[in-house]
Amino acid sequence: MTILIHFLLSLGSVFGFCSIFKIPRKAIFPCMVIGACGWAMFKYVVLILGLSNVLGCLFGALVVAVLSEACARIFKDASTIFVLPGILPLVPGAGMYYTMRALIAGDYASTMSLGTQTIFMAGAIAVAILIVTSLFRVGMVIRGTLSPREFRR
């Protein structure tokens, strides 16, 4: 039940990001679903499986990246249109805030702990997008829809 509530609420937050970034109308609903699926995966990994926030970000970002690449092929558009608003719910903004709050309060142990976790979460998001994008591009070269010369760009 909690995951469903998080899914529904994240639909609205991604819609807000879509309006800020002026995403084309045909891509708004897919972006909302992609972002909500990524956030639901994050919550599933953290709440149900009991794993860390870093692994939650990794698996959530993997879901967002795969769905974004799929929608890019379906709608014949750039995958960034789907990745950008879809990944934003996973960005560890609260972690950055709490890290700075601990730093200002002079609690250096908490600053290091929170800062490290925040950096790892951001790194997990970047690694997930890199892996999925690379695999899709290699698959395009193997299928012959992308030349090796274009791949290097």
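Coordinate-derived values only; no laboratory data. Keep in mind the model is a prediction, meaning the values are calculated, not measured. Positions of Cβ are generated from backbone atoms using ideal geometry, with glycine treated the same way; all protein chains shown enter the neighbour counts.
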Principal axis box of the range 37-153, alpha-carbon based, largest edge first, Å: 56, 31, 21
Could you compute the FRET efficiency for V127 and R25, with r as their C-beta to C-beta distance and R0 at 25 Å, rounded to 0.05? 0.20
Note down the nm distance, to one decimal, between modelled labels 7 Å out along Cα→Cβ at R137 and at T116. 3.3
Pick from A40, A128, A102: which residue has the top mean-square fluctuation in a GNM of the chain where Cα pairs under 10 Å get a spring? A102
Based on the Cβ-Cβ distance from A109 to L55, what FRET efficiency comes out when R0 is 30 Å, to the nearest 0.05? 0.85
Ignoring everything except DSSP H segments at least 4 long, calculate the 222 nm mean residue ellipticity for the chain; use -39,500 (n - 2.57) per segment, divide by total residues, nearest 500. -27000 deg cm²/dmol
Tell me, what HN-Hα J-couplings in whole Hz come from the Karplus equation 6.51 cos²θ - 1.76 cosθ + 1.60 at θ = phi - 60° for each residue of the range 115-125, using x for Gly and Pro? x, 5, 4, 5, 5, 5, 5, 5, x, 4, 5
The range 30-55-the range 67-104 distance, computed between alpha-carbon centres (Å): 12
